[in-house]
Amino acid sequence: MKNLLVTGATGGIGKEICIYFSNIGYKVIGLYNKNKETADFLSEKYGVATYQVDISNQQGVSLALCDIQKKYGKISVVINSAGVTKRGLLQDNTEQDYLDIFNVNVKGVFNICKSLIWDLVETKGDIINISSIWATRPASCEVLYSASKGAIESFTRSLADELKYSGVKVNAISPGFVDTPINKGITEQELKDFLQENNLKRVIDAKEIAELCQKIILSNKTGEIYEIFG
């Protein structure tokens, strides 16, 4: 049984990834920050091993991974799904907003990947980073989030090149509008206008992201950004 680690395990995309890979025979370890209720649900119903960890804190990540490796062995797949945003005009964003977004969306990925490189080299494993359509398209009121996801796509390509002779594949998924709690709060008309303005035909179901993760693991490609815009 392969061990798969998911960050943001209690978020909309992370939760579906945990469920999907648990159902096809992986031992799933989920890292989460706040949503203990969902973490308990994943543990009780799907056998996901959940750990409450601030992934922006290197020491906390190291302690959690040490315990995980002792209990379950080496990690074969890492899916960095954790992400936060704060919509608003740039002039209204604070330095704390910048730190909050980049600490999770970028530093968190750095901390996890750096800590698990040797596991992944030994298992010839996979890293999959969840990016966003806003990494490459203009996104008003999403400047900080867009910049963080642009950084993740550069990080993905560079790390893939660095590890290409080690047998580790590094790829990213760039979704369009996904039906998750982070995207709740907009009206039906606003959603319709948004899809039309961005030439998107439909909303993406989070389970589609999980299914794409499996296809990426089964492929031989590395350094790819897989777009799933709908």
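None of the figures in this text is laboratory data; all of them are computed from the coordinates on show. All figures in this text were calculated on a predicted structure; none of them were measured in a lab. Cβ atoms come from the backbone with ideal geometry, glycine included; neighbour counts cover every protein chain shown.
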Item to complete: Calculate, in nm to one decimal, what residue 219 and residue 136 gain on full extension: separation in residues at 0.36 nm each, minus their alpha carbon distance.
Response: 27.5 nm
Item to complete: Show that you can apply the helix-only estimate: for the chain, add -39,500 (n - 2.57) for every DSSP H stretch of four or more residues, divide by all residues, and state [θ] at 222 nm to the nearest 500.
Response: -14500 deg cm²/dmol
Fill in: Flagged links, alpha-carbon separation over 31 Å, of 71/215; 107/201; 45/164
107/201; 45/164
Worksheet entry | Inter-site label distance for residue 74 and residue 24 at 7 Å from Cα along Cβ, in nm | 2.2
Worksheet entry | Inter-probe distance in nm under a simple model that places probes 7 Å from Cα toward Cβ, at residue 59 and residue 154 | 3.0
Fill in: Gained length - residue 90 relative to residue 191, 0.36 nm times residue gap less alpha-carbon distance
34.1 nm
Fill in: region 177-216 shape via C-alpha gyration tensor axes, a/c threshold 1.5
oblate
Item to complete: Beyond 29 Å, what share of the Cα-Cα pairs of region 3-228 is found? Please give it as a whole percent.
Response: 22
Worksheet item: Within a Cβ distance under 13 Å of residue 162, other residues only, what is the Lys/Arg minus Asp/Glu net charge?
Response: +3
Worksheet item: Can you work out the FRET efficiency for the pair residue 36 and residue 165, with r the C-beta to C-beta distance and R0 = 35 Å, to the nearest 0.05?
Response: 0.25
Item to complete: Let me know the charge dipole size of the chain about its Cα centre in debye, to the nearest 20, where only the beta-carbon of Lys, Arg (+1) and Asp, Glu (-1) is charged.
Response: 700
